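Below: one structure, written as structure tokens.
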Amino acid sequence: QRDPRFQPTRENIIEGMLWLVSEAQPNDSLFFHYSGHGSQNVDDDSDEVDGSDETICPVDYESAGEIVDDEMNAILVQQLPRGARLTAIFDSCHSATALDLPFIYDCNGQPKQQKYSRKTAGMDLLQSGLSLKGGNMFDKLSGAKKAYSTLSALANEGKAQDITAQTRSTQADAIMFSGCKDYQTSADTNVSGYGATGAASYAFINAVRTGGNLTFAELLAKMRDTLYGKYEQKIQMSTGFPTDMNIPFVF
């Protein structure tokens, strides 16, 4: 894209988000799709169970900065009025809580708690221990910092869930499908008839095209089935307030 107005810079992405939600009214149905790079930064307001904010990476992120989940929640979600609906797809790494929506569901439509992956925490602590034991002074300081961050996140897990529910719940009907869990990466793929695409984007389009009249929970299950055995990522579904996910999926 040569026209700078349509390049995915931080400014343009945020401007697009603001355009989407501007003048939104009850009964409006909005759709947001991001397929690109995602990352994580250290959480500074204790609302993340893993101690990390999730981000998306504009093309100019090195100079302009990443877009943090707290910002996206404030722009895309909190400005919407009661009765409006936002359906969001985040096909990016570390995207399970990219919008910081507090209510997470399994493929049966049952709510589940956000948890810091014990496997990831264990690997982080192991790596920290190895750095403390055998590294140079820089490695030892880095290892100690990482160990402190991991242990702090584990201790803060329940409090983080409460903070998210209190500060990120929504008036509007906000529903997000994300490409993976916060500690996972989202794959690129190339599918005949679709071309180069994100795996989660393909799974969503394929499920909507071929699935018939699906409920939200069935849509999640079909998306996961599409990727099962091919990719390690596990698609997630979340909402801004407690929702019956066994109702028909509609945009």
Exercise. Taking the residues in region 164-182 that are among the small types (G, A, S) and in contact with a helix residue (DSSP H, G or I) (Cβ under 8 Å, 6 or more places away or on another chain) as candidates, determine which candidate is surrounded by the most Cβ atoms within 10 Å (Cβ to Cβ).
Key: G179
Quiz item: For V49, which of the numbered conditions (1) of a type in the set (A, V, I, L, M, F, W, C); (2) surrounded by fewer than 16 Cβ atoms within 10 Å (Cβ to Cβ); (3) in contact with a Lys or Arg (Cβ under 7 Å, 6 or more places away or on another chain) fails to hold?
Solution: (2)
Quiz prompt | Residue list for region 207-251, restricted to those being hydroxyl-bearing (S, T, Y) and open to solvent by less than 90 Å² (accessible area, probe 1.4 Å) | solution = T210, T215, T226, Y231, S238, T239, T243
Quiz item: If the Cβ limit is 7 Å and pairs must be 6+ apart or interchain, which residue in region 36-49 that is under 19 Å from C93 (Cα atoms) pairs with which residue that is among the aromatic types (F, W, Y) and in a loop (DSSP other than H, G, I, E, B)?
Solution: V49/Y116
Quiz prompt | Residues satisfying the stated conditions in region 183-217, i.e. touching a helix residue (DSSP H, G or I) at 6+ places or on another chain (Cβ under 9 Å), in a helix (DSSP H, G or I) and in contact (Cβ under 8 Å) with a residue 60 or more places away in the chain | solution = A199, A200, F204
Practice problem: Give the residue that is farthest from the chain's Cα centre (by Cα), with candidates limited to residues of region 59-73 that are open to solvent by less than 50 Å² (accessible area, probe 1.4 Å) and either of a type outside the set (D, E) or modelled with pLDDT under 95 (or both). | Solution: A64
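Anything in region 26-39 that is more than 16 Å from V77 (Cβ to Cβ) and either in a loop (DSSP other than H, G, I, E, B) or open to solvent by less than 60 Å² (accessible area, probe 1.4 Å) (or both)? List them, or say none.
Within region 26-39, the first condition is being more than 16 Å from V77 (Cβ to Cβ), and the residues that meet it are 27, 35-39.
The answer is N27, G36, H37, G38, S39.
The values are calculated or read from the model by the stated rules, or taken from the named source; none is laboratory data. Owing to the predicted nature of the structure, the values given are computational and were not obtained by experimental measurement. Cβ atoms come from the backbone with ideal geometry, glycine included; neighbour counts cover every protein chain shown. The protein model used for the area step is the full one, side chains on, heavy atoms only, and it has no ligands, DNA or RNA in it. Shrake-Rupley method; radii C 1.70, N 1.55, O 1.52, S 1.80 Å.
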